[in-house]
Structures are given as structure tokens and as C-alpha cells.
Amino acid sequence: MWTYTTVMADVIAEFDPVAADAESIALAWVPTDEVSGLALHPGFAAAWPALREALGVRPVIVVDVANVVGAVPDGWWQDRAGAALRHLERLANLAASPVPAGALSLPLHGWFPRIVAVIEGTPATSPPRPRSTCAARRAVATTPWPRWRASSPARDTRSRW
């Protein structure tokens, strides 16, 4: 059985594409507005309108770590920093796999949303970024992990540390 799968990704730096298999005739960077004018594979041509519409979608999941950790009476209050670190590890695992599109009310099949963790405390008392052992989790742990410091209601809670 043969299947056709389209994967979309953000490219950090442009590179020279290389046809690495016998099925590829040519590879090239093409401006988005010119794609529909090309002779496309029928499967990709059928998927292109939905893919084109999804190009600008950048889902973000914001997690209030203290509220999530505090919702489970497992003794977290005896080691707040450790409980927060364990939750950040769970978020790293979540970030390593696609989130089903339906869970985000988005089209297509799966998404890798940006995950922002809001934690309590100052940088000196906040848990460190999660460290991971498997390759997928290592990739997540070595990328910027946004953390926001919760402040008093009278102050701007978006201030980053």
C-alpha cells in the first residue's frame, strides 16, 4: 500500500534543497503565491488550499504551572520547585509529539504549538529548564523555553525574566 503524507515546517535558515531519492524530479524554493500555478502531485494539489490557509497559524499553549500542579493533592507543597520541574518535563514530552488538531480546534491532523510555561517566583528560586535524555526531548530542552514570572495584579504580568 502506498500513502502520501504532507508535512509543513518552519525553516530557520534557507538551504539548497537536494533530491535524495529517485522519485523526485526537482526541488526548489517557491514563493507561496506561485505554488498553485505549478504542476503539482495530485495529492499535494488537493491538499494545497488547506495547507496554504494554515501557513499563518501559530498555535500557542499557555500553562499556569502553579495552578496545574496545585490541582493534584500529591504532596507538591513539600517541594514546590521539584513539582514545577516535573510538570515542565511533562510539557517537554508534550512538545515532542504533535497535538491532535481537534484538541486545538484547528484544521489538518497534528500541530506542534509553542508552549509557554508561567511559573511563580524569581529566577533564583524558579526551577531550571527541563533536561531530557531522548533525542526528541533534547531538541525541546535546547530550544528557548519561554517562562513568564507571575507578578502582583497591579503590575504587568507579561514582564519576562
In segment 13-36, the residues that are in a helix (DSSP H, G or I) and open to solvent by 70 Å² or more (accessible area, probe 1.4 Å) | ASP33, GLU34, SER36
Say we look at segment 37-81 and pick out the residues that are open to solvent by 70 Å² or more (accessible area, probe 1.4 Å) and among the acidic types (Asp, Glu); which of these is farthest from LEU106 (Cα to Cα)?
-> ASP79
What number of residues within segment 69-103 satisfy the criterion of being more than 19 Å from the chain's Cα centre (by Cα) and either within 30 Å of GLU34 (Cβ to Cβ) or of a type in the set (Val, Ile, Thr) (or both)?
-> 2
On the phi < 0 side of the Ramachandran plot, of a type in the set (Asp, Glu), modelled with pLDDT under 85 and assigned to a loop (DSSP other than H, G, I, E, B), is that true of ASP10?
-> yes
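Against the definition (modelled with pLDDT of 85 or more, open to solvent by less than 40 Å² (accessible area, probe 1.4 Å), out of contact with any helix residue (DSSP H, G or I) (no Cβ under 8 Å at 6 or more places or on another chain) and within 27 Å of ASP10 (Cα to Cα)), how does VAL99 come out, yes or no? Walk me through it before giving the result.
Working: modelled with pLDDT of 85 or more: yes; open to solvent by less than 40 Å² (accessible area, probe 1.4 Å): yes; out of contact with any helix residue (DSSP H, G or I) (no Cβ under 8 Å at 6 or more places or on another chain): yes; within 27 Å of ASP10 (Cα to Cα): yes.
For VAL99, the condition - modelled with pLDDT of 85 or more, open to solvent by less than 40 Å² (accessible area, probe 1.4 Å), out of contact with any helix residue (DSSP H, G or I) (no Cβ under 8 Å at 6 or more places or on another chain) and within 27 Å of ASP10 (Cα to Cα) - is met.
The values are calculated or read from the model by the stated rules, or taken from the named source; none is laboratory data. Owing to the predicted nature of the structure, the values given are computational and were not obtained by experimental measurement. Heads up, the Cβs are rebuilt from the backbone with ideal geometry, glycines too, and the neighbour counts pull from every protein chain shown. Surface areas here come from the heavy atoms of the whole protein model, side chains and all, with no ligands, DNA or RNA. Shrake-Rupley method; radii C 1.70, N 1.55, O 1.52, S 1.80 Å.
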